[in-house]
Amino acid sequence: MAERLDVLIVGAGFSGMYMLMKCREQGLKVQVIEAGSGVGGTWYWNRYPGARVDIQSLEYSFGFDEALERDWRWTERYAPQPELLAYANHVATRFDLSRDISFNTRVTAAHWDAAADGWTVTLDNGETRAARFVVMATGCLSVPTDVTFPGIDDYQGDVYRTSRWPHDGVDFTGKRVGIIGTGSSAIQSIPIIAAQAAQLTVFQRTPNYSMPAHNGPIPDADFQEWLADPRAYRARSRATVGGFWNEAREDAILIHTPPDEIKAELERRWAWGGFRILGAFADQALDPEANRVVHDFVAAKIRERVKDPRVAELLTPKDHPFATKRPCVDTGYYDTYNRDNVELLDLRADPLVSFTATGIQTQAASHDFDAVVLATGFDAMTGAIERIDIRGVGGETIKDHWAAGPETYLGLMVAGFPNLFLITGPGSPSVLTNMIHSIEQHVEYVADIIAALNASQAGRIEASPEAEKLWTDHCDQTAAMTLLPQANSWYMGANVPGKPRRFMAYAGGLHHYTDTCNAVKAKGWEGFVIARGDQLLSESREFTSYPPPPETMAPHLVEMAMGRVAKWLEAHGQPA
Ligand code: NA7
């Protein structure tokens, strides 16, 4: 076996790249293992037409190096995938990252070796590597769901998956194309495919809410504001719920606002575009009545854009409150349904039966296609971690540990799995936030933990089971305060048959989460057990750093939120 590593990092997306840099800063011996042939993670794999970031580019980029920030100029408000991938490559080249990355290699197993206070990691090329620490920088949306359709192997046309798009692109000119799914990937790609193909048929099971991006060059005023003080710009984003600036008004209560003011505020935010509407009113994510008003506003926007009222109705979400599934940001999505060459099929009314040699058979009709695009989503948050045979203390697998849904301490560590760190793992704000800011916070925190362990010559750190339980309960209760658990979303694991139902991200906001992590550190790594061999160096089984309840919340919201938590406690019992 090759020389033991200090740190083995799984994945060379933005998390793995930054983790590598932070490890190098400490002079650690570090290796990154990456399944793809290049860096970039999400932006390496998701090359489908129209793929772009939903957070403004000025905020969706690394902030650890001011020279890097100032040297890179984004061309659009929401950068397209090729530019994001070019950015990842630029960072890799600038910091000479590739020399420590093994590309085209997968980690298949990681087993805890108690005698060595470290991990034995197996790769798909048959090699094994020993490492003190393993960092799972595997991404929240990196493993496509295993969805298969009867007869798909008999289909003679081309099948493309949005998340595994051919690197040299696909030309749909003159083709009859079918696309299955209407999540973010489909909503971004449908307008582009429709403009190219002879005919496009969209198979929709559940409509989603989508807001216009109003994409274009970055307005000069925005760029100048950013240029004046990038530090302040970033600090402002990081101090928010979502890690991006959306003018959230935590004291604005929709149900106490006159209708004309509500409309004006929603219109202003709709005109601005993207996620800005999410911050309009404090109660829209908590109170069904307030949420309904925002729903009605978006439904009216859909009716305004889509000429055929039947199609507009089909495109309007009905089974989940606004923004309880990941809302989408689009460029011309709804207008696409006004094209003569685009058809929307409702799989609820006319279910898909099977693929055939020439296309897709639904209950009512058969549809012939030259190509079919699967935009069917991911085994989110836990998929990439559970697919690796990770065995901790006593041989327990992480999959077994998570049989009832993922349990972590701060989304960073799992009890019984020492020296194994998750970047933006379940139980952290992750997918509810600007991923880059969440990644930077996590990576810097993990680097601090490793430095602290090395300074005290400790061999290992582990989340205590007690702290893990308290944090997981806190995550569940925080989600229960909101409307988020009411949707059958991938946040809930609902898109994967048999996956335990648990709201997997921390819904308390990146700002509170960061404060919590800092408090845990200030209390001497509260909730963690630190040891060297048989020697216990510090043991804290407490978790007391709960974020404060929002002072600005209206009394009826507090009551409503607490009522939901009480119900949650009734169903799950009080934390031990
Ligand atoms: P999503 O958002 O999970 O969307 C997947 C879509 O595929 C969604 O509309 C699903 O309908 C549909 N789907 C999945 N399986 C089937 C089957 N078997 N039959 C018909 N339709 C199906 O994935 P995306 O890739 O679009 O986006 C993932 C995230 O990436 C996104 O949220 C952003 O964070 C970026 P359903 O809703 O399950 O009825």
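The values are calculated or read from the model by the stated rules, or taken from the named source; none is laboratory data. All values reported here derive from a predicted model rather than from experimental measurement. All Cβ positions, glycine included, derive from the backbone under ideal geometry; neighbour counts span all protein chains shown.
Quick notes on this structure:
- Test set (1) within 28 Å of Ser430 (Cα to Cα); (2) modelled with pLDDT of 95 or more - Val147 fails condition number: (2)
- Complete set of residues in the range 350-368 that are assigned to a loop (DSSP other than H, G, I, E, B) and in contact with an Asp or Glu (Cβ under 9 Å, 6 or more places away or on another chain): Thr356, Ala357, Thr358, Gln363, Ala364, Ala365
- Of residues in the range 349-368 being within 15 Å of the ligand (Cβ to nearest atom) and either crowded, with 23+ Cβ neighbours inside 10 Å or among the aliphatic types (A, V, I, L, M) (or both), the one farthest from Pro150 (Cα to Cα): Ala349
- Here Ala137 meets each of (1) buried (at least 18 other Cβ atoms within 10 Å of the Cβ); (2) under 24 Å from Leu345 (Cα atoms); (3) among the small types (Gly, Ala, Ser) with one exception, condition (2).
- Residue match in the range 320-330 (condition: under 22 Å from Phe275 (Cβ atoms) and surrounded by fewer than 18 Cβ atoms within 10 Å (Cβ to Cβ)): no
- Once the range 156-177 is narrowed to residues that are away from the ligand (no atom under 11 Å from the Cβ) and part of a strand (DSSP E or B), the residue that is nearest to Lys325 (Cα to Cα) is Tyr160.
- Each residue in the range 187-224 was checked for being polar (S, T, N, Q), more than 24 Å from the chain's Cα centre (by Cα) and within 14 Å of the ligand (Cβ to nearest atom), and 1 pass.
- Number of positions in the range 13-38 that are within 18 Å of the chain's Cα centre (by Cα) and within 12 Å of Ala92 (Cβ to Cβ): 5
- If you go through the range 542-576 and keep only what is part of a loop (DSSP other than H, G, I, E, B), surrounded by fewer than 14 Cβ atoms within 10 Å (Cβ to Cβ) and either basic (Lys, Arg) or modelled with pLDDT under 85 (or both), you end up with Pro548, Pro549, Glu551, Thr552, Gly573, Gln574, Ala576.
- Residues in the range 301-310 that are assigned to a helix (DSSP H, G or I) and surrounded by 13 or more Cβ atoms within 10 Å (Cβ to Cβ): Lys301, Ile302, Arg303, Arg305.
- Top-ranked residue in the range 87-129 [being under 24 Å from Asn419 (Cα atoms) and touching a Gly at 6+ places or on another chain (Cβ under 6 Å); ranked as modelled with the highest pLDDT]: Trp112
- Whichever residue in the range 459-487 is assigned to a loop (DSSP other than H, G, I, E, B) and touching a strand residue (DSSP E or B) at 6+ places or on another chain (Cβ under 8 Å) and, among such residues, is farthest from the ligand (Cβ to nearest atom): Gly459
- Number of positions in the range 1-59 that are in contact with a Ser or Thr (Cβ under 8 Å, 6 or more places away or on another chain) and of a type in the set (Asp, Glu): 3
- Across the range 488-515, the qualifying residues are those that are of a type outside the set (Phe, Trp, Tyr), in a helix (DSSP H, G or I) and away from the ligand (no atom under 16 Å from the Cβ), and the one among them that is surrounded by the fewest Cβ atoms within 10 Å (Cβ to Cβ) is Asp515.
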